[in-house]
Amino acid sequence: MNDIYKSTKSTKISTISAVDQALYEIIQEEMRREEQTLNLIASENYAPRAVLDALGSVLTNKYAEGYPGRRYYGGCQVVDKAELLAQERCKELFGAEHANVQPHSGSQANMAVYFATLNPGDTILGMSLTEGGHLTHGHQVNFSGRLFKSVHYTLNKDTEQLDFDQIRTLAHEHKPRIIIAGASAYSRTIDFAQFAQIAKEVNALFMADIAHIAGLIAAKIHPSPIAHADFVTSTTHKTLRGPRGGLVMCTKAHAQAVDKATMPGMQGGPLMHAIAAKAVGFKLALQPEFAVYQQQIVRNAAAMADEFKKLDYRIVSGGTDNHLFVLDLRAHHLNGKQAEQILESVGLIVNRNCIPFDPNPAWLTSGIRIGTPALTTRGMAQKEVRAIAHLIDDALKNYESTTHLNSIKKEVRKWCTQFPIY
Ligand code: DSN
């Protein structure tokens, strides 16, 4: 299944050693860290070699402010072709009318939409960070919460799922200019049609931030927001498995405003090497193998969540429909930070995460977020991820015994050797 991803090894790294031994060693060290640990961070993945090679290409040399055919620099004829390929493949993958592939990150994709549609002081309605939203959905420490008046919906306290009655009430009360759907720690299917209906009722624009579930949507495993949203933003490096970066898709009616807000409104020269790598990532995502991979990610998350339930862990919302879930650790007398550190000591990499209405601050949290995209990229299936759930449980229950932790670490190394990344 992974053959198209595991192409021949790149030799670029060896050229670094010739000029910068210190940096060469850092890259080697990170490569070893990635190969010798199991990554359960839901927002991370391993970029295919072809994507890494596009990132390391000569396209990094070119300034190309503007858009294909409309640049402010000479010599853009070749990079124009790369950007057009990225745009066309992105549109084909998601069925979008317009795609801007220039945003450097997901945050900048969201910024581009806000700058295209809002004035400072306008009201935005998004999901609160602690319940699973994102900083750029109006958090007070982020530009989105500083420039705009932000109102947040949470989750239903009983179901720990989106509460459309609450979202509707807030929308009618605050009349936001834009409503934002999307999350970074929400394990359930998002009903984009319901969001669109509420936006229509209050004459708001509707933006879906699909950064986490873009791969699932591309593979048609999660419903797409394209038919419902004015704007769809994403990153390209999570389930989508391309290079680190962002993108905005929108209807034709908003295309010019989004393009202008991105450049010159927000960014200068586009990162043409990153855009080329996005094109490669989209091409891979258009292959039949990609849908098989996405299906396995979801099956793995469901299997792992099931195993944790058997081991007596409470899963936020009771389960998962996508690539991730959040474990509530309060009954295990550990906070998220402690769990993250214990697990890292044996080579299991997770991130602490708030549970809904968390009594602990974001620095500590009461949970950890677990995602299966990276393990699935390594080739693991249900049997293996169930075994990894047991290793996590074992480490969290026996963290006071160094001998025990050492034996778990050896076990983790064995899995890593059996399922290499590259
Ligand atoms: N920081 C990302 C995540 O981990 O979900 C969201 O941008």
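The numbers here are math on the coordinates, done by the rules we state, and not lab data. The structure displayed is predicted, hence computed values, not measured ones. Neighbour counts are summed over all protein chains in view; Cβ atoms, including those assigned to glycine, are modelled from backbone coordinates with ideal geometry.
Determine which member of the set 65, 34, 83, 88 is in contact with a helix residue (DSSP H, G or I) (Cβ under 8 Å, 6 or more places away or on another chain) and either surrounded by 13 or more Cβ atoms within 10 Å (Cβ to Cβ) or touching a residue at least 12 places away in the same chain (Cβ under 8 Å) (or both).
83
Is it the case that residue 288 is surrounded by fewer than 23 Cβ atoms within 10 Å (Cβ to Cβ) and either closer than 16 Å to residue 376 by Cβ or not basic (Lys, Arg) (or both)? Talk me through it step by step, then tell me what you get.
Details: surrounded by fewer than 23 Cβ atoms within 10 Å (Cβ to Cβ): yes; either closer than 16 Å to residue 376 by Cβ or not basic (Lys, Arg) (or both): yes.
Yes; evaluated as a whole, the condition is true for this residue.
If I ask for residues that are within 19 Å of residue 126 (Cα to Cα) and small (Gly, Ala, Ser), which ones from segment 221-238 would you list?
Those that are within 19 Å of residue 126 (Cα to Cα) and small (Gly, Ala, Ser): 224, 229, 234.
Could you say which residue among 183, 171 is more than 15 Å from the ligand (Cβ to nearest atom), of a type outside the set (Val, Ile, Thr) and surrounded by 18 or more Cβ atoms within 10 Å (Cβ to Cβ)?
171
Out of the residues in segment 29-58 that are polar (S, T, N, Q) and out of contact with any Lys or Arg (no Cβ under 7 Å at 6 or more places or on another chain), which is farthest from the ligand (Cβ to nearest atom)?
Per the criteria, the residue is 57.
So which of 129, 118 is in contact (Cβ under 8 Å) with a residue 60 or more places away in the chain, within 13 Å of the ligand (Cβ to nearest atom) and on the phi < 0 side of the Ramachandran plot?
129
Restricted to segment 165-196, and to residues that are free of Cβ contacts under 8 Å to residues at least 24 places away in the same chain and of a type in the set (Asp, Glu), which residue is farthest from residue 131 (Cα to Cα)?
We begin by selecting, within segment 165-196, every residue free of Cβ contacts under 8 Å to residues at least 24 places away in the same chain; these are 165-166, 169, 173.
Going one step further and asking which of them are of a type in the set (Asp, Glu), we end up with 165, 173.
Numbers: 165: 16, 173: 21 Å.
By that ranking, first place goes to 173.
Inspect segment 88-98 for any residue being among the aromatic types (Phe, Trp, Tyr) and within 18 Å of residue 280 (Cβ to Cβ) and give the result as yes or no.
Checked segment 88-98: at least one residue is among the aromatic types (Phe, Trp, Tyr) and within 18 Å of residue 280 (Cβ to Cβ).
Suppose we filter 343, 348, 375 for residues that are in contact with an Asp or Glu (Cβ under 8 Å, 6 or more places away or on another chain) and not hydroxyl-bearing (Ser, Thr, Tyr); which single one remains?
Unique residue meeting the criteria: 375.
So that you can scan it fast, the table gives a plain yes or no per residue for (1) within 20 Å of residue 226 (Cα to Cα); (2) basic (Lys, Arg):
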site: 157; (1), (2): no, yes
site: 162; (1), (2): yes, no
site: 172; (1), (2): no, no
site: 182; (1), (2): yes, no
site: 189; (1), (2): yes, no
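Per-residue answers, yes or no, for (1) touching a residue at least 60 places away in the same chain (Cβ under 8 Å); (2) of a type in the set (D, E, K, R):
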site: 198; (1), (2): no, no
site: 213; (1), (2): yes, no
site: 223; (1), (2): no, no
site: 254; (1), (2): yes, no
site: 260; (1), (2): yes, yes
site: 263; (1), (2): yes, no
site: 266; (1), (2): yes, no
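Could you look through segment 365-418, keep only residues that are within 16 Å of the ligand (Cβ to nearest atom), closer than 14 Å to residue 296 by Cβ and among the small types (Gly, Ala, Ser), and pick out the one that is surrounded by the most Cβ atoms within 10 Å (Cβ to Cβ)?
Ranking the candidates gives 371 first.
Does residue 232 satisfy the criteria of being within 16 Å of the ligand (Cβ to nearest atom), in contact (Cβ under 8 Å) with a residue 60 or more places away in the chain and either among the β-branched types (Val, Ile, Thr) or farther than 21 Å from residue 325 by Cα (or both)?
yes
May I ask you to list the residues in segment 132-152 that are more than 13 Å from the ligand (Cβ to nearest atom) and crowded, with 24+ Cβ neighbours inside 10 Å?
138
Of all residues being within 16 Å of the ligand (Cβ to nearest atom) and of a type in the set (Val, Ile, Thr) in segment 188-216, which is farthest from the chain's Cα centre (by Cα)? Just the residue, please.
190
From the set of residues in segment 319-354 that are in a loop (DSSP other than H, G, I, E, B) and within 24 Å of residue 32 (Cα to Cα), which is farthest from the ligand (Cβ to nearest atom)?
Looking at the filtered set, the residue picked out is 346.
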